[in-house]
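Undergrad: Before I ask anything, let me first share the structure, which is written out below as structure tokens.
The values are calculated or read from the model by the stated rules, or taken from the named source; none is laboratory data. Since this is a predicted model, take the numbers as computed values, not measurements. Note that each Cβ is placed from the backbone with ideal geometry, even for glycine, and that neighbours are counted across all protein chains shown. SASA here: full protein model, heavy atoms, side chains in, ligands and nucleic acids out. Shrake-Rupley method; radii C 1.70, N 1.55, O 1.52, S 1.80 Å.
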Amino acid sequence: MQYDYLVVGSGLFGAVFAQQAKARGKKVLVIDKRNNIAGNVYTEKIEGINVHVYGAHIFHTNLKHVWEYVTQFAEFNCFTNSPVANYKGELFSLPFNMYTFNKMWGVVTPEEAEAKIEEQKHEAGITEPLNLEEQAISLVGTDIYEKLIKGYTEKQWGRPCTELPAFIIKRLPVRLTFDNNYFNALYQGIPVGGYTKMVANMLEGIEVRLGVDYLENKEELDKLAEKVIYTGAIDAYFDYKLGNLEYRSVRFENEVLDKPNFQGNAAVNYTDPETPWTRIIEHKWFEFGKDEEGNDLPKTVISREYSSEWKVGDEPYYPVNDERNGKLYEGYKKLAEAESKVIFGGRLGEYKYYDMDAVIDSALKLVEKEL
Ligand code: UDP
């Protein structure tokens, strides 16, 4: 055995585990089937702009130890996520806050906003929300549900809101203050120079082999290490033998535009059901439209996101955590527990809608347990 650990996947979970294992004197090999490190946080420079190639990633956390951990590998800027919703050309502030309520209803005070929500909730007759639709209406009322949630969510998940679990919408804060800061987080920002650089710093001094598919060369690769940290999709590991877990995939249509400003914000969500994309990301605004020397950038790069049902061969992005998949995952989890040599981790390995900070926290916890 040449290595203590073979880490499959160089995304956040794998990179954190590898970094920590190496720091504790372990011999680690990281492999990735892609030709680049960093998994879905991978960023690539186009026209001087760090483009979030696999979707926008905005780092935010309330966990001090996670913040202290990541800031060892990158300096973070003070980007604050405040997306704008575009409903048929009408713009609303997100997340749902006094600016949104004022625009929607003309209400001025928090009491008026609260009364409006209560009135709509009462009319809908919801006492105990059982699904996403009911949860949304009981949080923000029918108007906001119809204009800002229903269309977006049904495009994003490809299912009616009545068939989606309530917890998805709980990610979205609702507040009766004038505050467009999407995340109620103590710490927030984008790593200066991009996520790829941050992950490269984590992996410094660790052997990384790119373009290596673990599942296709499993037998041979397993021989190299005492233990395997597997961060790929758990159902793929078992060759989908219990059936495949459902994921949502995203297709990105990237465009370089010969103008300095397309939409004036990093994220604009298209919340109507007709527009085929869910949102447009304008990457330069994650770094205030400047390059690392502080110069304004003359061009801009935008990505339209199209959500689709995942099928074998696509990139899985979001686990669909409904009842059927929950049960199926439990089955895979049992199989995973019986694999004594392999530990499963990360969004795909644990089939969990993890944010970046939660992934890092879970990798750090695993390190504590393992080492
Ligand atoms: N959502 C919505 N309207 C929006 C943005 C989000 O209804 O304009 C809902 C939608 O159901 C989505 C969930 O909130 O799946 C979580 O959104 P978030 O943007 O946090 O998800 P991300 O894709 O960034 O992980």
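Undergrad: Could you list which residues have their amide H under 5 Å from that of residue 343, counting only those 5 or more apart in sequence or on another chain, with H placed in the peptide plane?
TA: Here 228, 229, 230 satisfy the definition.
Undergrad: Report, in whole Å, the centroid distance computed from the Cα atoms of segment 1-62 and segment 158-195.
TA: 24 Å
Undergrad: In debye, nearest 20, what is the charge dipole magnitude of segment 171-232 about its Cα centre with +1 on Lys and Arg Cβ and -1 on Asp and Glu Cβ, if you could check? Before the final figure, lay out each step's value.
TA: Values: 7 positive and 9 negative charges, 87 e Å.
Roughly 420 debye for segment 171-232.
Undergrad: Once the Cα atoms of helix 132-144 and of the chain are each reduced to a long axis, what angle between those two axes, in degrees from 0 to 90 to the nearest 10, is obtained?
TA: So the helix axis and the longest Cα principal axis differ by about 40 degrees.
Undergrad: Could you give the length gained on full extension between residue 159 and residue 179, defined as 0.36 nm per residue of separation minus the Cα-Cα distance, in nm? Before the final figure, lay out each step's value.
TA: Details: separation 20, 0.36 × 20 = 7.20 nm, distance 3.04 nm.
So the extension gain works out to 4.2 nm.
Undergrad: Let me ask something additional. Among 217, 1, 124, pick out the residue whose Cα is farthest towards the positive end of the charge dipole of the chain, where Lys and Arg carry +1 and Asp and Glu carry -1 on C-beta, about the Cα centre.
TA: Of the listed residues, the answer is 1.
Undergrad: How far is helix 356-370 tilted off the main Cα axis of the chain, in degrees rounded to 10, range 0 to 90?
TA: 30 degrees
Undergrad: Sticking with this structure for a sec: Where does the chain land at 222 nm, in deg cm²/dmol rounded to the nearest 500, when only DSSP H runs of n ≥ 4 count, each adding -39500 (n - 2.57), divided by all residues?
TA: On the way: 12 runs with 114 residues, N = 371.
Rounded to the nearest 500, the figure is -9000 deg cm²/dmol.
Undergrad: Right, something else. By how many nm would the segment from residue 171 to residue 78 lengthen if fully extended, with 0.36 nm per residue of separation less the alpha-carbon distance? Spell out each step's value before the answer.
TA: Values: separation 93, 0.36 × 93 = 33.48 nm, distance 2.12 nm.
Going from the current span to full extension adds 31.4 nm.
Undergrad: Taking the Cα centroid of segment 70-139 and of segment 229-294, what is the distance between the two, rounded to the nearest whole Å?
TA: Using only Cα atoms, the two centres lie 22 Å from each other.
Undergrad: Rank these by accessible area, largest first, 1.4 Å probe: 227, 369, 197.
TA: The ordering from most to least exposed comes out as 369, 197, 227.
Undergrad: Given the options 196, 271, 177, which has the most mean-square fluctuation in a GNM of the chain, springs set between C-alpha atoms less than 10 angstrom apart?
TA: Of the options given, 177 has the highest mean-square fluctuation.
Undergrad: Could you list the residues of segment 179-222 with an amide nitrogen less than 20 Å from a label point located 7 Å from the Cα of residue 2 in the Cα-to-C-beta direction?
TA: Only 203-222 pass the distance filter.
Undergrad: I'd like the orientation of helix 110-124 relative to the chain: the angle between its Cα long axis and the longest Cα principal axis, in ° from 0 to 90, rounded to 10.
TA: On a 0 to 90 degree scale, this one is about 80.
Undergrad: Let me ask something else about it. Provide the convex hull volume over Cα atoms per residue for segment 151-288, in Å³. Could you put the intermediate results ahead of the total?
TA: Details: hull volume 31.6 nm³, N = 138.
That works out to 229 Å³ per residue.
Undergrad: Whole-Hz ³J(HN,Hα) for each residue in segment 243-248, computed from phi via Karplus 6.51 cos²θ - 1.76 cosθ + 1.60 with θ = phi - 60°, x for glycine and proline: what do you get?
TA: Karplus values, whole Hz, x for Gly and Pro: x, 8, 5, 8, 10, 9.
Undergrad: Let me ask something else about it. Collect residues whose amide H, placed 1.01 Å from N in the peptide plane, falls under 5 Å from the amide H of residue 300; neighbours closer than 5 in sequence don't count.
TA: The list, which skips near neighbours in sequence, is 257, 259.
Undergrad: Where the only charges are on Cβ atoms (+1 Lys, Arg; -1 Asp, Glu), what is the dipole of the chain about its Cα centre, to the nearest 20 debye?
TA: Details: 43 positive and 58 negative charges, 149 e Å.
Charge dipole, the chain, about its Cα centre: 720 debye, nearest 20.
Undergrad: Within segment 187-316, how many Lys pairs that are eight or more residues apart, or on different chains, come under 28 Å at the alpha-carbon?
TA: Lysine pairs meeting the criterion: 16.
Undergrad: So what does residue 67 come to for accessible area, using a 1.4 Å probe and Å² rounded to 10?
TA: Surface open to solvent at residue 67 totals about 50 Å².
Undergrad: In Å², and per residue, what accessible area does segment 79-143 have when probed at 1.4 Å with the other protein chains present? List each step's numbers first, then the result.
TA: Working: 3170 Å² over 65 residues.
Computed with neighbouring chains in place, this is 49 Å² per residue.
Undergrad: Next up: Evaluate the charge dipole of segment 290-345 about its Cα centre and quote only its size in Debye, nearest 20, assuming +1 on the Cβ of each Lys and Arg and -1 on the Cβ of each Asp and Glu.
TA: Working: 9 positive and 13 negative charges, 69 e Å.
The dipole magnitude comes to about 340 debye.
Undergrad: In nanometres, what is the gap between the two model label sites at residue 207 and residue 314, each 7 Å from Cα along Cα-to-Cβ?
TA: Calculated label separation equals 3.7 nm.
Undergrad: Length gain on complete extension for the stretch residue 358 to residue 103, per 0.36 nm per residue less the alpha carbon to alpha carbon distance? The partial results should precede the final answer.
TA: On the way: separation 255, 0.36 × 255 = 91.80 nm, distance 3.39 nm.
Here the answer is 88.4 nm.
Undergrad: Net charge around residue 102, counting only other residues with Cβ within less than 12 Å of its Cβ (Lys, Arg = +1; Asp, Glu = -1)?
TA: Working: positive: 103, 116; negative: 112.
Combined, the nearby Lys, Arg, Asp and Glu give +1.
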